[in-house]
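The structure appears right after this line, and notes come after that.
FYI, it's all coordinate maths here, none of it is from the lab. It should be emphasised that the depicted structure is a prediction, and the values quoted were computed from it without experimental measurement. Cβ: placed from backbone, ideal geometry, glycine included. Neighbour counts: every protein chain shown.
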Amino acid sequence: MSLLSSARAATGRPSDEPPPPDDLVVVPARHPWRWIAAAAVLVLVAQFLHGLITNPGWDWGTFFGYFFEKSVMDALLITLQLTFAGAVLGFAGGIVLAPMRLSKNPVLKSVSWGFIWVFRSVPLLVQLLFWANLGYLYDRLQIGVPFGPGFFSFETSTLVSAFGAALLGLALHEAAYAAEIVRAGILSVDSRQLEAAAALGIPRLRQFRRILLPQAMRAILPNAANELVNLLKSTSVVYVLAIGELFYQVQVIYGRNGRVVPLLLVATVWYVILTAALSVLQHYVERHYSRGYVR
Amino acid sequence: MIELTGVTKSFGTLEVLHDVDLTVPAGSVTVIIGPSGSGKSTLLRCINHLEKVDRGRVRVDGELIGYRRVGNKLHELSERHILKQRANIGFVFQTFNLFPHMTALQNVLEAVGKQAEPRGRELLARVGLADKVDAYPRQLSGGQQQRVAIARALALDPKLVLFDEPTSALDPELVGEVLDVMRDLAQAGTTMVVVTHEIGFAREVADTVVFLDEGRLVEQGPPSEVLDNPQHERTRAFLSKVLV
């Protein structure tokens, strides 16, 4: 009641005279706990920032010394190459595997199912070591008639370098996950869309490319971006094959100078920056595919 | 133009069409009525092979739909050939099924290609949507979407157009604008087969009214006979419920 009477006082009306109904002032509800919670969190954030600046363990001098250092830049380039190639090969595989798994052909369906099952089951790290040691299983690889004579023959160790093994492992691993992401996208499109396309006599491949995929992209993109960020960080696993990517390189440096924390921070901050860049890219690509969905 | 002989179709153990014979002459309008579940939509979908018939023949312009006869056998056509046959048969869906990521004009041109743009614009003008060529389906009302769908079906210059309950998903005040477009098409001599519950439209526009019940063709004839003087008890019972 006190709120009401003060509102009346504000309009300069005697408090015993009821105001006309359209003259009542709306007072929003107050939320004191929001202020208290915000203050508590801000104190914690301030403490953390204070620690970042004052704790000598972070060793910011070393951090900035190595952040743009030549060997770190070269390693960053390799991380980007692995991410880019892994994503392109992985999603190319996924775009083939997903329709295979949804097809009516039992052979295609089972093979796709089996591929996804195997490559999602094997940890990336284990798979990478397998590919790197392929030479123990097959010391020579050849192209020719199946079970018959061969035309070209290669030594496994020259064909599958450490980088090749890393790429193979990442691509196969990615393809299995990408296949499921693409399949989810395809399933999200109303089946009547394809029926309409079929009724118009639009050829099958064109139905997939022009009608199905653009609509499926809306469901694919958020998951694909997630997977891409995951891949970016998964490239750090290939350090086991002694490939000079970002994480391997900072280990080499701190193995030499012993400044573990600032160098781990160099890698961390680069991963954060690259993820941010991917998120910006995601925003624009998603906007492109939301054509017709925003009024 | 369309010739159905002995068309029979089952979904599992449920027989939805039983030995249906129907002839639709070129330039005529045939309206199929009947209670829900009577097989009206299935019959329509058999005409462009969206459903496969179990027995019987479907011919459009003398051409067997979905099959090729070799000696005493019917070989199912490859999907490519069926798609080619479908290009001669326009189909308008109850739920419009426009492509949501394309504008009205892009929807109309998708099956015919960009070079047909003048004709696409002309068709959209014909259904009264000259000012909506660049609108996306979501920006259009149900009635406008269905009119775009009709323009899209006409873009291929089909020999006939099939309508599957084209006004059933529309708000009552939007039904009229779609029926007006269909009436114009009928007057222009388009061969049409329409599944609908709009008895008034059937009476006014149809050359032939077909009554379907439990997958059987019960009665057919001009509207003055089937609608106003039905011979069969089941037709009378259905009409008495619809024409309240």
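Here are the numbers for this structure:
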read-out: Percentage relative contact order, chain A, counting C-alpha pairs under 8 Å, at least six apart; value: 23 percent
read-out: Residue-averaged beta-carbon neighbours from other chains (10 angstrom radius) around B:88-94; value: 3
read-out: Kirkwood Rh and Cα Rg combined as Rg over Rh, evaluated for segment B:101-157; value: 0.91
read-out: Signed unit charges on C-beta, dipole axis of chain A, positive-most listed residue A:PRO146, A:TYR254, A:PHE63; value: A:PRO146
read-out: Highest-MSF residue in chain A out of A:LEU263, A:LEU172, A:LEU52 [GNM, Cα springs under 10 Å]; value: A:LEU52
read-out: Net charge dipole size for segment A:70-289 [Lys, Arg +1 and Asp, Glu -1 on Cβ; Debye, nearest 20]; value: 500 debye
read-out: Percent of beta bridges antiparallel (DSSP, the protein assembly as shown, rounded to nearest 5); value: 60 percent
read-out: Within a Gaussian network of chain B (alpha carbon springs, distance under 10 Å), most fluctuating of B:VAL194, B:VAL108, B:VAL226; value: B:VAL226
read-out: Positive minus negative residues near B:ASN88 (Lys, Arg vs Asp, Glu; Cβ under 10 Å); value: 0
read-out: Long pairs among B:LYS9/B:LYS84; A:LYS104/B:LYS9; A:LYS104/A:LYS233; B:LYS159/B:LYS241; B:LYS73/B:LYS159, criterion Cα-Cα beyond 30 Å; value: A:LYS104/A:LYS233; B:LYS159/B:LYS241
read-out: Segment B:101-157, relative contact order in percent, only Cα pairs under 8 angstrom and at least six apart counted; value: 49 percent
read-out: Distance cut-off 18 Å, percentage of C-alpha pairs in segment B:121-193 lying past it; value: 34 percent
read-out: Within 10 Å of each Cβ in B:100-107, the average number of Cβ atoms from other chains; value: 4
read-out: Viscosity 1.002 mPa s, temperature 20 °C, Stokes-Einstein D of segment B:182-232 from Kirkwood C-alpha radius, µm²/s; value: 185 µm²/s
read-out: Electrostatic dipole magnitude of segment B:101-157 [Cβ: Lys, Arg +1; Asp, Glu -1; Cα centre; debye, to 20]; value: 100 debye
read-out: At least 20 Å along the helix axis (C-alpha) and Kyte average at least -0.5, DSSP helices within chain A; value: A:32-54, A:70-102, A:106-121, A:162-187, A:213-234, A:260-289
read-out: Sequence of B:ARG86, B:ARG152 once ranked by neighbouring C-beta atoms within 10 Å, starting from the fewest; value: B:ARG86, B:ARG152
read-out: Area projected by the alpha carbon convex hull of segment A:70-289, averaged over all directions, nm²; value: 15.6 nm²
read-out: Longest to shortest principal axis, alpha-carbon extents of chain B, angstrom; value: 51, 49, 32
read-out: Taking all pairs of distinct alpha-carbon atoms in the protein assembly as shown, Kirkwood radius in angstrom; value: 29.5 Å
read-out: Relative contact order (%) - criterion: Cα under 8 Å, at least six apart; region: chain B; value: 25 percent
